[in-house]
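Bear in mind these aren't lab numbers, they're just calculated from the coordinates by the rules spelled out. Just so it is clear, the structure is predicted and the values come from calculations on it, not from any experiment. Note that we place each Cβ from the backbone using ideal geometry, even for glycine, and neighbour counts take in every protein chain shown.
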Amino acid sequence: MRTNEMKELLDLTGSIGKVYGSENTSLFLYSLIKRQKPNCIVELGTGMGLSSLWMGLGQKENGHGELYTIDNGQEANLLTEDIEKIFPQLKGEDPEKSYEQYMNLIFESYSLTNQINFMKKDINLASQHMLMDHELQMVDKSIDVLFADTSYGPYDALNIMRQFLPYMSEYSSILIDSASTHLPTYLTLEKMIDDLNRSKIPQHFLSIKDPKARWNLFQLVSQRTFKLVHLNEKEKRKQNSTAWIIIEPNEYIPQPDVATH
Ligand SMILES: C[S@@+](CC[C@H](N)C(=O)[O-])C[C@H]1O[C@@H](n2cnc3c(N)ncnc32)[C@H](O)[C@@H]1O
């Protein structure tokens, strides 16, 4: 059963992975999910659903966990054309399917609807209100893995951290696709992580309107250790990296809290 599902997904990866250059990243995410068994994953930017499918499969095999994946469908015209070529069987009787309907059908056809919750929504990362309290209230638990795949500029990276840090689990990961090989973002992340580890809050984080959220940020930064890993790919294309920020409690035992020997 498992082998068939993986094989089907590997075949699909060959055909749709190239659209967003996410074929290797998807397998990395699958492996991370199998190893760390997160309960709650949030993905910003569903695209054609490849990374969601791999993460959802990892959760299904783990026997627990949910994934919330969000996309505003801004590339829907192009995507639905591609989807219709790759999944002709999904078109059915009704030729006018929306991007949202197609995404739900794709997740259904891989039997991953218990794991994957798709939401068509616009995410304004620059908002000075906390998205998790206003736009994303359906994610009602702390986030173990955040895969941000909508934008990768330096302010996007700062905004992602400002928005989601207070909602991340004690031990968790934030992955920002394409950020490590965009020089301004690479340098911003290096400086930001260094500052956070010295409990220095970037000024940018303090423009959040809610004083409680600002206070939570202060608390959290002083109680965590941050590690930055640049997952770079030797591929000649723009999407050739993922910045992986590992958030850990200040502890003297290996994290996540696993069996030691
Ligand atoms: C690179 S693709 C995602 C690829 C997918 N994660 C994968 O690896 O298979 C980026 C997606 O982000 C979506 N997007 C861009 N800006 C957005 C925003 N502000 N809110 C929601 N979705 C957005 C686009 O519609 C696009 O489908």
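Considering only the stretch 154-165, how many residues are touching a helix residue (DSSP H, G or I) at 6+ places or on another chain (Cβ under 6 Å) and surrounded by fewer than 22 Cβ atoms within 10 Å (Cβ to Cβ)?
2
Please go through the stretch 211-255 and give me each residue that is buried (at least 18 other Cβ atoms within 10 Å of the Cβ), in contact with a Phe, Trp or Tyr (Cβ under 7 Å, 6 or more places away or on another chain) and over 21 Å from L29 (Cα atoms), ordered by number.
Scanning the stretch 211-255 gives a single hit, L217.
Restricting the stretch 109-134 to residues that are hydrophobic (A, V, I, L, M, F, W, C) and over 26 Å from K60 (Cβ atoms), which is nearest to the ligand (Cβ to nearest atom)? Spell out how you get there, then give the answer.
Within the stretch 109-134, the subset hydrophobic (A, V, I, L, M, F, W, C) is 112, 116, 118-119, 123, 125-126, 130-132.
The next check asks that each one be over 26 Å from K60 (Cβ atoms); those that pass are 125-126, 130-131.
On the way: L125: 7, A126: 10, M130: 16, L131: 10 Å.
Step by step, filter the stretch 109-134, then rank; the result is L125.
Can you name the residue in the stretch 69-108 that is within 22 Å of L44 (Cα to Cα), small (G, A, S) and out of contact with any strand residue (DSSP E or B) (no Cβ under 6 Å at 6 or more places or on another chain) and is also farthest from the ligand (Cβ to nearest atom) among such residues? Quick ask: steps written out before the conclusion?
Within the stretch 69-108, the subset within 22 Å of L44 (Cα to Cα) is 69-83, 98-108.
From the residues that got through so far, the ones that are small (G, A, S) too are 73, 76, 98.
Still in the list and also out of contact with any strand residue (DSSP E or B) (no Cβ under 6 Å at 6 or more places or on another chain): 76, 98.
Numbers: A76: 7, S98: 13 Å.
Looking at residues that are within 22 Å of L44 (Cα to Cα), small (G, A, S) and out of contact with any strand residue (DSSP E or B) (no Cβ under 6 Å at 6 or more places or on another chain), I get S98.
Of everything in the stretch 1-51, what is in contact with a helix residue (DSSP H, G or I) (Cβ under 8 Å, 6 or more places away or on another chain), among the polar types (S, T, N, Q) and in a loop (DSSP other than H, G, I, E, B)? Give them in sequence order.
Once the filter is applied, which keeps residues that are in contact with a helix residue (DSSP H, G or I) (Cβ under 8 Å, 6 or more places away or on another chain), among the polar types (S, T, N, Q) and in a loop (DSSP other than H, G, I, E, B), the stretch 1-51 yields S22, T46.
Restricting attention to the stretch 86-132, and to residues there that are within 21 Å of the chain's Cα centre (by Cα) and hydroxyl-bearing (S, T, Y), which single residue is surrounded by the fewest Cβ atoms within 10 Å (Cβ to Cβ)?
Ranking the qualifying residues of the stretch 86-132, first place goes to S111.
Could you check how many residues of the stretch 182-210 are touching a Lys or Arg at 6+ places or on another chain (Cβ under 8 Å), surrounded by 14 or more Cβ atoms within 10 Å (Cβ to Cβ) and hydrophobic (A, V, I, L, M, F, W, C)?
Result for the stretch 182-210: 4.
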